[in-house]
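The values are calculated or read from the model by the stated rules, or taken from the named source; none is laboratory data. As the structure is a prediction and not an experimental result, all values here were calculated from the model. Here Cβ is always computed from backbone atoms with ideal geometry, including for glycine, and neighbour counts include all displayed protein chains.
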Amino acid sequence: MPEENIPKPPLEPTPESSDLLNRQLSWQIAANLFVSFKYAWAGISYAFKTQRNFRIHVLIGSLAIALAVFLNLSLVEITIIGLTIAGVMATELLNTAIESLVDLSSPQQYHELAKIAKDCAAGAVLVSSLAAILVAGCLLLPRLYELL
């Protein structure tokens, strides 16, 4: 077979080759712990950039921690608030992941099971958010009341 009939790979990546490479890389296992943290940070960054509710949770959580420090809560109380905030943010990240998977599996078409998956994931965020409000209220409101 003459050499001129053999297709040569493109010198610059095309959209098709980049898409294929990205799909292949998306299934790779992290080579080390640093790479695992890099992927995890990419997920957090994605949620912060694209999810309004995640940004709201970060803002309210930061304000709650700042208020707890200002009110001179104990280290245990601040830790409880911090862990509760982390739970809300983790739930929001899982919600984002579930929504993305549902959108990937049923693009541009309505399916009742897709709706149930998204609604349940959003419900989990609501439950964790309500629990965080309860915890923050129990720990912060008495101290705020003392200031009045």
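Structural remarks
- Some residue of region 3-26 being modelled with pLDDT of 95 or more and either among the polar types (S, T, N, Q) or part of a helix (DSSP H, G or I) (or both): no
- Exclusive hit being surrounded by 12 or more Cβ atoms within 10 Å (Cβ to Cβ), at pLDDT 95 or above and either β-branched (Val, Ile, Thr) or in contact with a Cys (Cβ under 7 Å, 6 or more places away or on another chain) (or both), set Ile116, Ile65: Ile65
- Across region 71-90, the qualifying residues are those that are in contact (Cβ under 8 Å) with a residue 40 or more places away in the chain and closer than 16 Å to Leu126 by Cβ, and the one among them that is surrounded by the fewest Cβ atoms within 10 Å (Cβ to Cβ) is Gly87.
- Test: Leu83 is aliphatic (A, V, I, L, M), more than 14 Å from the chain's Cα centre (by Cα) and either modelled with pLDDT of 95 or more or closer than 27 Å to Glu146 by Cβ (or both): yes
- Taking the conditions (1) over 26 Å from Ala40 (Cβ atoms); (2) free of Cβ contacts under 8 Å to residues at least 12 places away in the same chain; (3) assigned to a helix (DSSP H, G or I) in turn, Leu139 satisfies each one other than (2).
- Ser128 vs. criteria closer than 20 Å to Phe54 by Cα and among the polar types (S, T, N, Q): yes
- Scanning region 36-58 for residues that are closer than 19 Å to Ala122 by Cβ, polar (S, T, N, Q) and surrounded by 12 or more Cβ atoms within 10 Å (Cβ to Cβ) yields Gln51, Asn53.
- From Ala97, Ala68, Ala47, residue being of a type in the set (Gly, Ala, Ser), touching a residue at least 40 places away in the same chain (Cβ under 8 Å), within 24 Å of Glu146 (Cβ to Cβ) and in a helix (DSSP H, G or I): Ala68
- From the list Leu71, Leu75, the one residue that fits, being out of contact with any Lys or Arg (no Cβ under 6 Å at 6 or more places or on another chain) and at pLDDT 95 or above, is Leu75.
- Annotation: of all residues in region 124-148 being among the small types (Gly, Ala, Ser) and surrounded by 12 or more Cβ atoms within 10 Å (Cβ to Cβ), the one that is nearest to Gly87 (Cα to Cα) is Ser128.
- Annotation: of all residues in region 116-131 being free of Cβ contacts under 8 Å to residues at least 60 places away in the same chain and small (Gly, Ala, Ser), the one that is farthest from Val102 (Cα to Cα) is Ala131.
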